[in-house]
Amino acid sequence: MNVLDTGFVKGFMNMCEAGFNMGWHERNGGNLSYRIKEEEIAEIKDMLSDGEWRDIGTCVPLLSGEYFLVTGSGRFFSNVKTNPEETIGIIKIDETGERYKTVWGLKGSRPTSELPTHLMNHEVKKKVTNGAHRVIYHAHTTNIIALTFVLPLEDSVFTHKLWEMATECPVVFPDGVGVVKWMVPGGRDIAEATMEKMKEYDLAVWAHHGMFASGPDFDTTFGLMHTAEKSAEILVKVMSVNSPMIQTITDEDLIKLAGEFGVTLNEKFIRKDGNPSGSSRNGD
Ligand code: 2HA
Ligand code: ZN
């Protein structure tokens, strides 16, 4: 079977296009990776070639022998649809979890510069979801980035604000979101900090940079990114209209909502004093 005809490659490429259309992937911004299922790789075994082993820059032993579809370093999401073999590719992890080789695509390129973060997130998510999560997505989401300049960089603040700004949010991400302070991207340190957040959450904010999302499939992961970014956009608008917030979704409302939708909200983000969460001034 031709690699480009497989469902997972088509889904991956559609997600790249959808992200670009949202305005989250200026130039070569953002990256995407997918942990390929055994039966999916079996279908295209004949199409794979043998590349050179290279260092990942971190160690992911739980992913040894796994195959990933990834975006390329320096490649633009806008070009994935027309130039897939240059912009995306399949890599295999060696048995130590320290090296990878390219077995398809990525012509003239390498995997994303954020490969350490992607793989460390995959490793922790594979463990905590019993293999259910397969997609890791990094996007430069404008409104979340804007908020990282004006809100304290705390999990509790971002989670509560995003929950409060759109009724869908507590249902879509009941565990909350993590926040990673500004760090140099592309290396092991930021990968470790992000992986720590991903043990508990499916979303991690990177201050002044963007977000990482994890999920079982392309739609769910994209939807998670989209839902959080939309809530951030609402908060930016509320903070911009220069008019005090005179009503909101209270913590009592959040608890009722969770009951109705059968989700368990991470209780450390529910305010114990019973004060309505948004009773204060505009957006703070
Ligand atoms: O791929 O988004 O974080 C470019 C980036 C680095
Ligand atoms: Zn980035």
> Simple spin-label model, 7 Å along Cα-to-Cβ: VAL184 to ASP55 in nm?
Replying inline: 1.4
> What is the distance in Å between the Cα centres of the range 217-233 and the range 26-51?
Replying inline: 23
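Starting from the range 1-106, pick out the chymotrypsin sites (Phe, Trp or Tyr not before Pro) whose DSSP state is loop and whose Cβ has at most 16 other Cβ atoms within 10 Å.
Values: sites: PHE8, PHE12, PHE20, TRP24, TYR34, TRP53, TYR67, PHE68, PHE76, PHE77, TYR100, TRP104; in loops: TRP24, TRP53, PHE76.
Counting only loop positions with at most 16 other Cβ atoms within 10 Å, the chymotrypsin sites (Phe, Trp or Tyr not before Pro) in the range 1-106 are TRP53.
Loop sites only, by DSSP: take the trypsin sites (Lys or Arg not before Pro) in the chain that have at most 16 other C-beta atoms within 10 Å and name the longest stretch containing none of them. Intermediate values should be presented prior to the final figure.
Details: sites that count: ARG27, LYS37, LYS81, LYS107, LYS181, LYS199, ARG271, LYS272, ARG281.
In short, 108-180.
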>> Using the Cα centre of the range 32-187 as the reference point, and only Cβ charges (+1 on K/R, -1 on D/E), how large is the resulting charge dipole? Debye, rounded to the nearest 20.
In response: 260
>> List residues of the range 125-164, by number, whose backbone nitrogen lies under 15 Å from a label position 7 Å along Cα→C-beta of THR264.
In response: 129
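Got the relative contact order for the chain handy, in percent, Cα pairs under 8 Å and 6 or more residues apart? Could the numbers behind the result be given before it?
Numbers: 558 pairs, mean separation 49.3, N = 284.
That works out to 17 percent.
May I ask you to give the percent of accessible area on the range 25-143 that is carbon plus sulfur, with a probe radius of 1.4 Å? Write out the running numbers ahead of the final one.
Working: 2120 of 5040 Å².
Within the range 25-143, the accessible surface is 42 percent carbon and sulfur.
Kindly state, to the nearest 0.05, the FRET efficiency for LYS45 paired with ASP175, given R0 = 35 Å and r defined as their beta-carbon distance. Display every interim value, and only then the final one.
Numbers: r = 37 Å, r/R0 = 1.06.
Step by step, r from the Cβ atoms, then E = 0.40.
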> Given the protein chains as shown and a 1.4 Å probe, how many square angstrom of MET120 are accessible, to the nearest 10?
Replying inline: 10
> Given a 1.4 Å probe, how much area per residue of the chain is accessible, in Å²?
Replying inline: 45
>> List the GluC sites (Glu not before Pro) within the range 12-66 that DSSP assigns to loop and that have no more than 14 neighbouring Cβ atoms inside 10 Å.
In response: GLU26, GLU52
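When the dipole is taken about the Cα centre of the chain, and only Lys, Arg (+1) and Asp, Glu (-1) are charged at their Cβ, what size is it in debye, to the nearest 20?
Working: 29 positive and 40 negative charges, 96 e Å.
Computed about the Cα centre, the dipole is about 460 debye.
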> Can you pull out the chymotrypsin sites (Phe, Trp or Tyr not before Pro) in the range 136-198 that DSSP calls coil and that have at most 13 other Cβ atoms within 10 Å?
Replying inline: PHE149, TRP182
> With labels modelled as points extended 7 Å from the Cα through the Cβ direction, what inter-label distance (nm, one decimal) is found for LEU62 paired with ASN2?
Replying inline: 3.7
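Could you please state how large a percent of the accessible area of the range 155-223 is carbon and sulfur, counting protein chains only and using a 1.4 Å probe? Please list the in-between numbers first.
Values: 1260 of 2380 Å².
Percent of accessible area from carbon and sulfur atoms in the range 155-223: 53.
Starting from 0.36 nm per residue, how many nanometres of slack lie between GLU154 and ASP219 once their C-alpha separation is accounted for?
20.7 nm
Using the Kirkwood radius over C-alpha pairs as Rh, can you work out the diffusion coefficient of the range 6-99 via Stokes-Einstein at 10 °C, viscosity 1.306 mPa s, in µm² per second?
D = 112 µm²/s.
Note down, for the chain, the three equivalent ellipsoid semi-axes (square root of 5 times each alpha carbon gyration tensor eigenvalue), biggest first, whole angstrom.
Values: eigenvalues 256, 68, 56 Å².
Listed largest to smallest, the semi-axes of the chain are 36, 18, 17 Å.
The values are calculated or read from the model by the stated rules, or taken from the named source; none is laboratory data. Nothing here was measured: the structure is a model prediction, and the numbers come from that model. Cβ: placed from backbone, ideal geometry, glycine included. Neighbour counts: every protein chain shown. What goes into the accessible areas is simple: the full protein's heavy atoms, side chains included, and nothing from ligands, DNA or RNA. Shrake-Rupley method; radii C 1.70, N 1.55, O 1.52, S 1.80 Å.
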